[in-house]
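See structure below.
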Amino acid sequence: MTAPLASVLFVCVHNAGRSQMAAGFLRQLAGDRVEVRSAGSLPGDRVNPAAVDAMREVGVDISAQRPKVLTTEAVQASDYVITMGCGDACPVFPGKTYLDWALEDPAGQGVEAVRPIRDAIKGLIEGLVAEIDARPRT
């Protein structure tokens, strides 16, 4: 088994919507080529049901995922740290690639409002996969 090309951590406040959708898309599009993590600065009790429904519509099942707390260890173990509205909650370490994706928070919204957020996330994930695949191998 070959090692993953990269490790990616998605971080949002509740780890219930945006970061879970991003992780779901990355798992689907990159498979074992990328190690995927997600976490929240103030994790919620469950994944947003509207996010689960919106992802199910495009063939990605995130219903078994659970919000997790952001840890320093998760950041240290990741090559990419992608934040989505969590401000300065994420610790910064040298040598990591930090990206901040400005995406609307789907909390409290119905599936109709979540669909455009989901679609924006998919586009960002497709770009991320292309970037990771283009990286020089060490």
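The values are calculated or read from the model by the stated rules, or taken from the named source; none is laboratory data. Everything numeric here is computed off the predicted structure, so don't read it as measured data. Glycine gets a Cβ as well: all are built from the backbone with ideal geometry, and neighbour counts include every protein chain shown. Protein only, heavy atoms only, side chains kept; ligands, DNA and RNA dropped before computing areas. Shrake-Rupley method; radii C 1.70, N 1.55, O 1.52, S 1.80 Å.
Per-residue ellipticity at 222 nm from helix content only, as computed over the chain with -39500 (n - 2.57) for each DSSP H run of at least four residues, stands at -11500 deg cm²/dmol.
Summary value for the chain: 30 percent relative contact order, contacts being C-alpha pairs under 8 angstrom separated by 6+ residues.
Across the stretch 57-128, the mean sequence separation of Cα contacts (distance under 8 Å, 6 or more residues apart), normalised by length, yields a relative contact order of 22 percent.
Stretch Thr72-Ala3 to full length: gain in nm at 0.36 nm per residue minus the Cα-Cα span? Result for the pair: 22.6 nm of gain on full extension.
When the Gaussian network model of the chain links Cα atoms closer than 10 Å, the mean-square fluctuations of Asp45, Asp53, Asp105 top out at Asp45. For the chain, the solvent-accessible area of protein heavy atoms averages 50 Å² per residue (probe radius 1.4 Å; ligands and nucleic acids excluded). Here P(r) over Cα pairs in 5 Å bins from 0, in percent was computed from the coordinates, and among [x] 2, 8, 14, 16, 15, 15, 14, 9, 4, 1, 0; [y] 2, 11, 22, 25, 21, 12, 5, 1, 0; [z] 2, 9, 17, 19, 18, 12, 8, 6, 5, 3, 2, 0 the match is [y]. Taking GluC sites (Glu not before Pro) across the stretch 1-75, none is in a DSSP loop with at most 13 further Cβ atoms lying within 10 angstrom of its Cβ.
What separates the Cα centres of the stretch 1-17 and the stretch 48-67 is a distance of 16 Å. Only protein atoms count toward the accessible area here, which uses a 1.4 Å probe; on the chain, the carbon and sulfur part of that area reaches 52 percent.
Of Ala51, Gln109, Leu9, which is farthest on the positive side of the dipole of the chain, counting Cα position, with +1 on Lys and Arg Cβ, -1 on Asp and Glu Cβ, and the Cα centre as origin? Checking the options against the dipole of the chain, the answer is Leu9. Length gained on full extension, Thr97 to Glu131, computed as 0.36 nm times the residue gap minus the Cα-Cα distance: 11.1 nm.
Evaluated with a Cβ-only charge set (Lys, Arg +1; Asp, Glu -1), the stretch 4-138 carries a dipole of roughly 260 debye about its Cα centre, given to the nearest 20.
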